[in-house]
Structure formats: C-alpha cells, structure tokens
Amino acid sequence: MHHSGQDQFRQLLRENVPLAPLTTLGVGGPARFFADCATVEALAAGVSWARAEALPLFVLGGGSNVVVADSGFTGLVLRVMIGGIDVAADRQHAVVTAGAGEPWDGFVAYTIERDLAGLECLSGIPGRVGATPMQNVGAYGQETSETLASVEALDLQTAELVRFDNRECEFGYRASRFKGRDQGRYIITRVSYRLQPGGAPAVRYAELERTLADHGATQPTLAQVRDAVIAVRRRKAMVIDPTDADSRSVGSFFMNPTVTQEAFEGVRAIAGRFLREGETLPAFPTADQRVKLSAAWLIEHAGIRRGTVHGNVGTSTKHALAIINRGSGTAREVLELCRMIQTRVRETFGVELTPEPVFVGLT
Ligand SMILES: Cc1cc2nc3c(=O)[nH]c(=O)nc-3n(C[C@H](O)[C@H](O)[C@H](O)COP(=O)(O)OP(=O)(O)OC[C@H]3O[C@@H](n4cnc5c(N)ncnc54)[C@H](O)[C@@H]3O)c2cc1C
C-alpha cells in the first residue's frame, strides 16, 4: 500500500514550477518540487516523500494570501485540490461540507443558491475553502468562525485524519490554532459550515446598507446582499479582476492593530493634530479591553497615499491597505514597501503594523 502510494505520488511530482502565476500578487520564484493533490492519500504520500527527502513543505491553496520569495521555495509545495460539496440536514440547520480545494466564492454562491444564510458577507473573497479557517477569514462584519462547524485535517505528526470542532480551532481576529501554535502541523482537507435555511442576511455595515438602499433593496435577500458585497468590494479592487491592476494584491496587506487603552490614548493625542472638523479616529473596543484601530486610517494619515509607487509595486489607488504588483514587481520590492509603511506608521503613531499574508521561502 505504502509503496504504491509513493509510486502514484511520483507521477504527480513536477520540478521547478513557477509559483508567481499561482498567486494573486504574482511575485516570486519557482518551487523546487510541486504536486497538485486531489485526494487525502496523495497529500499523505507527498508529506512522507518530503520527509524521506528531508525537504521543507509548503501547502498552497489559491495563493491569494501569500508572498513568495524571489528565490522561490527550495522544498515541496503541495497544492490542495480536494473537491466536492455536500449538504446534510442538522435539526433546523444545514451542514454544508466542502473539500479544501473548492474555490471559496463558488462555495459561497452554492450556499446562497440554496437559500442558506451565514456566508453571504464573505462573497467575492478569493482563495479556496481550506484556507478560510487558517486566518478566520472575515469581511463586512461576518467571520468564518460564526458558522464553521468543523474542520477535517491531516495531522503531519501522526499521518492521521483528525477533526476539530469550532471551539477547538481557537479562532481569533485573523487567527486560529492553524496559523498560530500549530502552524505547519495540519493540512486542512475538508470544512463544514452550519448554515440557516431561509435565514435573514447579515447587514452590519453602513456602506453595505447604503449600497443595498441604492439598489432599492430594503428587505434584501441573501442574493441581493451577495451582489451588494461584490459591488462594494469591486469599488475597492477587492475582487480579482484581470482588467483592474489594483486587484493584483493579497487583499489587505496589514491587519488592523489592537493596542492597550494606554497606547490608544497616545495615538488619540497624536491623531488630534490630523483630524478635520467632524472627523473622528476610527477605534473599536475589543472583548479583552483593548482597542482595535484601522490600519488603513493610520497608513493614510502617516502620509502614505493611495497609489503610492515604489518601483514596480505600489499601493492600490482604491485602498490604502493593499500592496499591488504593478507589472513585473518582485518580492523584494513588496517587502521594501511593507517596511516603509511600517516605519512611517511607527514613527507617526507609535503603532506596529503586522503583515497579514504568509511569506513563503523568505527567512
Ligand atoms: C483581492 C483580495 C481580497 C481579499 N479579501 C479578503 C477579505 O475580505 N477577508 C479576508 O479575511 N481575507 C481576504 N483576502 C485574503 C485571502 O483571500 C484569504 O486569506 C484566503 O482565505 C486565502 O485562501 P487561499 O486558498 O488563496 O490561501 P493561500 O494564499 O494559498 O494560503 C494562505 C495560507 O494558508 C495555508 N493554507 C492554504 N490552504 C491550506 C490547507 N488546505 N491546509 C492548511 N493550510 C493551508 C497556506 O499554507 C498559507 O499559509 C483577500 C485577498 C485578495 C487577493
């Protein structure tokens, strides 16, 4: 069994595969070894091959939250291609399970076509289903963790399939155990969501509400909310659109920082100098008595304008938080711009910005 699995895996194995085209930012070099894996068995065989060859491993989904080093990755990249969606009833809910390789937005569309509420505000986000629990993907006031029922994953330590319920995923803001203390330990193979048949859509954002009103939707359906979310995202180049150069990004490059009350008072004092009549510093209390600030606001008020150019990369003309590849950008330029932004925000407000994407092959 073991040997035939290895033989099958060798047939999937490719060498020196350029990674830039497999990512939305489009920078970086090749993977020394690469395999598309459509089954758990193929993934497991890939893991044991990498171990036997003493090679580092990287798991790729849709490549929408990664920055690949210009020198590429010297190990094995396994791209998760496990497909399939099915629905089961669970008392008043529907449990929808998708393979980790399903495109996320197609999955969201599938749930909305079946009138299942819970993921509508997460429309238009690129990537695959398997990556969404990693950073507890969220947008417009909705997060993966609100409806996620369970995660099935391959444990690279034991080579067994394991299951985590919602609580066991240890979700936080753009965080989970998979991106945190267990980073690199699990390959997510399948994800289940508990959704509400015929449920009301979540409309928690003023901008979303306004767009719905503009469309004449006062009691919006799930499908109308999905359309409005995509329309709002498109205005900010936050949907992948080959005709919009501003969407060659990883989405938001920085997380919104959370600071202590004391640090917040310091930021507020400095911000006072920048605020125009009637303008306030965006700040949201967190559950643990801290304050979440808007990274976009801090960046713009630190003097980094939208559309800033740095060599072949820059910031989006539509969103202060997105670093974009303007054509033939490199990972080095992306990192330089990242550091420039971090330095300006640190020097202006004393706040440290943490990048959101995962860096591959960069040490
Ligand atoms: C235009 C744009 C808009 C975006 N908007 C949002 C947004 O609104 N909200 C938001 O939260 N994010 C957003 N993102 C970021 C990104 O789309 C999400 O983080 C998405 O979930 C990443 O999925 P992916 O399949 O592309 O993951 P990848 O980029 O391929 O991988 C990201 C990380 O997850 C790991 N990973 C991927 N699949 C698996 C798996 N099956 N098992 C284990 N590890 C895995 C990788 O190793 C890597 O560490 C946006 C990105 C872009 C380009």
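The values are calculated or read from the model by the stated rules, or taken from the named source; none is laboratory data. Predicted model only: the values in this text are computed from it and were never measured. Neighbour counts are summed over all protein chains in view; Cβ atoms, including those assigned to glycine, are modelled from backbone coordinates with ideal geometry. Heavy atoms of the whole protein, side chains included, go into the accessibility calculation; ligands, DNA and RNA do not. Shrake-Rupley method; radii C 1.70, N 1.55, O 1.52, S 1.80 Å.
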Just need a number here: residues in segment 288-306 that are of a type outside the set (S, T, N, Q), under 23 Å from the mean Cα position of the chain (by Cα) and open to solvent by less than 30 Å² (accessible area, probe 1.4 Å). 7
Filter segment 127-169 down to residues that are surrounded by fewer than 21 Cβ atoms within 10 Å (Cβ to Cβ) and polar (S, T, N, Q), then give me how many there are. 5
Quick one: which residue in Val334, Val259 is open to solvent by less than 30 Å² (accessible area, probe 1.4 Å) and within 16 Å of the ligand (Cβ to nearest atom)? Val334
Kindly indicate whether any position in segment 42-56 is surrounded by fewer than 21 Cβ atoms within 10 Å (Cβ to Cβ), more than 9 Å from the ligand (Cβ to nearest atom) and farther than 23 Å from Phe178 by Cα. yes
With Arg177, Arg185 as the choices, which residue is under 20 Å from Ala131 (Cβ atoms), buried (at least 19 other Cβ atoms within 10 Å of the Cβ) and not hydrophobic (A, V, I, L, M, F, W, C)? Arg177
Pick from Gly118, Gly99: which is closer than 18 Å to Ile82 by Cα and at pLDDT 95 or above? Gly99
Selected residue (only one of Thr111, Thr189, Thr144 is of a type in the set (Val, Ile, Thr) and within 13 Å of the chain's Cα centre (by Cα)): Thr144
Sort out which residues of segment 95-147 are more than 11 Å from the ligand (Cβ to nearest atom), part of a helix (DSSP H, G or I) and among the hydrophobic types (A, V, I, L, M, F, W, C), and write them in order of number. Phe107, Val108, Ala109, Ile112
Give me the residue from segment 240-252 that is within 6 Å of the ligand (Cβ to nearest atom) and open to solvent by less than 30 Å² (accessible area, probe 1.4 Å) and, out of that set, farthest from Leu335 (Cα to Cα). Ser247
Near the ligand (Cβ under 10 Å from one of its atoms), without any contact (Cβ under 8 Å) to a residue 12 or more places away in the chain, open to solvent by 70 Å² or more (accessible area, probe 1.4 Å) and among the polar types (S, T, N, Q) - does that describe any residue in segment 209-232? no
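Here is a yes/no grid of residues against (1) at pLDDT below 95; (2) over 27 Å from Ala322 (Cβ atoms); (3) over 21 Å from the mean Cα position of the chain (by Cα):
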residue: Phe58; (1), (2), (3): no, no, no
residue: Gly63; (1), (2), (3): no, no, no
residue: Val68; (1), (2), (3): no, no, no
residue: Ser71; (1), (2), (3): no, no, yes
residue: Ile82; (1), (2), (3): no, yes, no
residue: Asp90; (1), (2), (3): yes, yes, yes
Of the numbered conditions (1) in a loop (DSSP other than H, G, I, E, B); (2) within 29 Å of Arg51 (Cα to Cα); (3) in contact (Cβ under 8 Å) with a residue 24 or more places away in the chain, Gly180 satisfies every one except a single condition; which is it? (3)
